[in-house]
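Here the structure comes first, spelled out in structure tokens, and everything after it is commentary.
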Amino acid sequence: MRQIKALAALPWIWSFIGALVVWLATIIFTGGYGAGGMITAALSLAVFMVIAGVGQMFVITLGPGNVDLSLPANIGLASAVAMKVMDGQDSMIAVGLLAALASGAVIGAVNYLLIWALRIPPIIATLSASFIIQSIDISYGRGLQIKPPPGFAAFTNVQVLGIPLLAILIALFTVGAAVALRRMIYGRSVLAIGQNMRAAWLAGVHVGWVRFLTYTLSGTLAGLNGALLAGYFRGANVDIGNEYLLASIAVVVIGGTSVAGGKANVPGVWGAALFLVLLLTMLNTFGVSAGVRLLLTGLIIVGVITAAGGQKSQT
């Protein structure tokens, strides 16, 4: 009984429970048809939410007001950069990936420089940056017809024993992110800043440098996401990252990370991503219209966030 209570007290467990409930509801409705395939598909799509969510999680952990609203535009531009540099050639895959990472890193760094130089809230700085990035993306990537190299497209879709290879690789990455958060100086500095920025500064934490690295990390992961999405969906698109603005914030909060800062939860990002993907799958299976689907998704997300918040306040 004590072990069950201890498990229930973990903020990330609720996101996995939500994903399990939604999956069970769907397979009951379908009579068990396609249960395994649904998990495989969910893992394939959840990967992209996790990549964006981990970057957003580090930013949000810095404290109230910290958020990266440039992610959709960043992802869209990176997808175009990756496809143009790769130019459909397998020999250019590594160069294209590096170009996408560099594109994202520059955007993330500029985001923080805007915050630091202009002394404006991150939400305004990153939103303003997103408009500029979108303008660049429209002129650079609009109508881009370049297909990903065959090897890259195959890589983003390959499976190992029914599990997407990307999911395995990103799971290993998130383990590294969790270790960095809890065991490395950088991760502990992020947590300290989120708990009390002035106290962290007085304790010797290089607050400005850590915040710069965090926004750059978020941008870099968005760049990676853009390249992988272009490979998975067989081409770049200006709007390819649109769904990852609210999704990246939702997976962070539903996953147990505090919006007040100072508390991050890496496993919960996975649970929340699977929950959201399976939720959309369930609503599609039930034949729910697009408008009602968006309404129900929003209400369920609010409900899960409220329940998770209540659980954390009790513990």
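Readers should treat all values here as calculations from the given coordinates under stated rules, not as data from a laboratory. The shown structure was predicted, so the numbers you read here are calculated from the model rather than taken from an experiment. Here Cβ is always computed from backbone atoms with ideal geometry, including for glycine, and neighbour counts include all displayed protein chains.
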Q) Under Stokes-Einstein, with the Kirkwood radius over Cα pairs standing in for Rh, what whole-number D in µm²/s applies to the chain at 10 °C and 1.306 mPa s? A) 79 µm²/s
Q) How long is the gain from Leu20 to Ser91 if the chain were fully straight, where each residue apart is worth 0.36 nm and the alpha carbon distance is subtracted? A) 21.4 nm
Q.
Defining a contact as two alpha carbons under 8 Å apart and six or more residues distant in sequence, what relative contact order in percent does the range 89-195 show?
A. 20 percent
Q: With a point put 7 Å past each Cα toward its Cβ, work out how far Leu295 is from Ile132 in nm, to one decimal.
A: 4.0 nm
Q: Springs between alpha-carbon atoms under 10 Å, Gaussian network over the chain: tell me which of Phe233, Phe16, Phe286 tops the mean-square fluctuations.
A: Phe286
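Explain nothing, just the number: dipole magnitude of the chain about its Cα centre with +1 on each Lys and Arg Cβ and -1 on each Asp and Glu Cβ, in debye rounded to the nearest 20. Intermediate results must be reported in sequence, preceding the final value.
Details: 15 positive and 6 negative charges, 168 e Å.
The dipole magnitude comes to about 800 debye.
Report relative contact order for the chain in percent, whole number only (criteria: Cα-Cα under 8 Å, sequence separation at least 6).
On the way: 540 pairs, mean separation 112.7, N = 315.
RCO, the chain: 36 percent.
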Q | Candidates per trypsin sites (Lys or Arg not before Pro) in the range 120-195, loop by DSSP, up to 16 other Cβ within 10 Å | A | Arg142
Q) Which order, highest average first, do 150-156, 121-127, 171-177 follow once you tally other Cβ atoms within 10 Å for each residue and take the mean per peptide? A) 121-127, 150-156, 171-177
Q | Projected label distance in nm at Leu161 and Trp201, using a 7 Å step from Cα toward the beta-carbon | A | 5.1 nm
Q | Helix-derived mean residue ellipticity, 222 nm - over the chain, DSSP H n ≥ 4, -39500 (n - 2.57), to 500 | A | -25500 deg cm²/dmol
Q) Based on the Cβ-Cβ distance of Lys263 and Arg142, what FRET efficiency does E = 1/(1 + (r/R0)^6) give at R0 = 30 Å, to the nearest 0.05? A) 0.15
Q: Could you work out how far the C-alpha centroid of the range 179-195 sits from that of the range 213-257, in angstrom?
A: 22 Å
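What's the extension gain from Arg119 to Asn242 if we count 0.36 nm per residue and subtract their Cα-Cα distance?
Details: separation 123, 0.36 × 123 = 44.28 nm, distance 2.72 nm.
Between Arg119 and Asn242, full extension yields an extra 41.6 nm.
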